[in-house]
Structures are given as structure tokens and as C-alpha cells.
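The block underneath contains the structure these notes are about, expressed in C-alpha cells.
The values are calculated or read from the model by the stated rules, or taken from the named source; none is laboratory data. Not measured: the values here are computed from a predicted model. We place every Cβ from the backbone using ideal geometry, glycine too, and count neighbours over all the protein chains shown. Accessible surface areas use protein heavy atoms only, side chains included; no ligands, DNA or RNA. Shrake-Rupley method; radii C 1.70, N 1.55, O 1.52, S 1.80 Å.
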Amino acid sequence: MGTHGTVTDAGSDPVAASVAVYSDGADDYAATHAPKMADRVERFAGSLPQPSLILDAGCGPGRDLARFRAYGHVARGVDLNPVFVAMAGAHAPTSQCDLREIGSRFPAGTFDGIWASASLVHLTEAEAVDVLGQFAGLLRPGGRLYVCLKATGRTGWLDEPDGRRWYTVWDQDEFAAAVSETGFEVDRVDPGTYVEVWATRGD
């Protein structure tokens, strides 16, 4: 099974195949995840001056877009799943985008913050590192990054109640190192089932 390719060929692209699975249960997904991550959003929002321009990279149905706006920020969303893009558009301007091409979608230095909550989980390690570098290019110097992904389990296909998806599982120290090597100063690492990295774009 290849790990690269375009999103038009879902059969050979685990990322596209995994993301497509969310469409059928989008409403249930939104309801299940609605209460989660509120404390992290509050912390991230509070680390930026108001108003800041925040990119929610892999925004899903838009839960955190609404939260960032409530904290006085300007939010923009991107997601690969078209059903999620339509749902998120009710909260803030959102466009369909493969994160592997995010660097070509906005001018360099556009954003004050990038929020990537569990949005890199379906990418290979090499793809995730590349996207981190693209994030660095999209942030202004001193801009903030939050990113979390799976740090337990095994890399490969996982059969879940709502479908089959590919996950790449990282060693938390290796992921923190990858963030620091792509143009960021790591401010904080919170270990767990999903390792969370808080970082600042270097000058």
C-alpha cells in the first residue's frame, strides 16, 4: 500500500481513504467530540494577542473554529473531508485542502497561530515532518503552534466502529524533536495517548 499520491486516488492513498470514512458519520463524530479539548483551546487562545489570525489545520466539523472566535480571534479552517468543510463553514471561512499541500494555499507568514489537533494522525512520518515545515512557513516569526497526534498503539490500519483508517503512531520524544527541527522552539510537551506539543515559530 503506497503512502503517497494524490487525493483523487483514494485506493492508493491511505490518507484520502482514511479521511473519506468520516463522511458517513459526520454528525455523530461532531456530537461525540463536541465537549473535548476546551481547556487546550482556551490555553492556546490565551497565548496569542487579540485578535490573532488562527489557522485550524484539519478543522473537522468546526468545533474549535467557533471557540477561537468566541475568544476574540479570527479563525480560518481547512479540512480534506468535504462534509466537514461544509459543516465548519457555519463557524468560520473554511476550504477543502490536503494538509500535505497547505504551504501552497496561503502566503508565507500569514498566520499568528496554527492549531493542528489530531490532524496529522493519518500521515506517514515523512509526510508529517514535511507538513510541520510548511506550518513553519505559514506562521509569522513568534507565531504559535499546537499539534497533537497518536503516541500509543501501532502504526497501520485500524478497524474502528465507524470505519477503517490508517494511523501513524509516534514516539513522543521523536515527535517533539521533529517539531524542533522544522523551525520551532518547543515550549511544552504533554505526554499521553496523544502527545501534545506546544511550540513557537523561530525568528
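Residue-level check: of (1) touching a residue at least 40 places away in the same chain (Cβ under 8 Å); (2) more than 25 Å from residue 187 (Cα to Cα); (3) not hydroxyl-bearing (Ser, Thr, Tyr), residue 120 misses just (2). Taking segment 161-187 as the range and being assigned to a strand (DSSP E or B) and either touching a residue at least 60 places away in the same chain (Cβ under 8 Å) or not acidic (Asp, Glu) (or both) as the test, the residues that pass are 163, 164, 165, 166, 167, 184, 186. When only residues in segment 141-165 that are open to solvent by 20 Å² or more (accessible area, probe 1.4 Å) and among the charged types (D, E, K, R) count, which is modelled with the lowest pLDDT? That would be 162. Residues in segment 83-140 that are within 21 Å of residue 202 (Cα to Cα) and open to solvent by 40 Å² or more (accessible area, probe 1.4 Å): 104, 106, 107, 108, 110, 129, 130, 140. Residues that are touching a helix residue (DSSP H, G or I) at 6+ places or on another chain (Cβ under 6 Å), among the small types (Gly, Ala, Ser) and open to solvent by 20 Å² or more (accessible area, probe 1.4 Å) within segment 166-203 comprise just one, 183.
Can you say whether residue 76 is among the basic types (Lys, Arg), open to solvent by 10 Å² or more (accessible area, probe 1.4 Å), out of contact with any Pro (no Cβ under 6 Å at 6 or more places or on another chain) and modelled with pLDDT of 95 or more, as far as the supplied structure shows? Taking the combined requirement at face value, the residue does not satisfy it. Pairs meeting the criteria (first residue in segment 35-46 and small (Gly, Ala, Ser), second residue open to solvent by 70 Å² or more (accessible area, probe 1.4 Å), beta carbons under 6 Å, at least 6 apart or on different chains) are 45/71.
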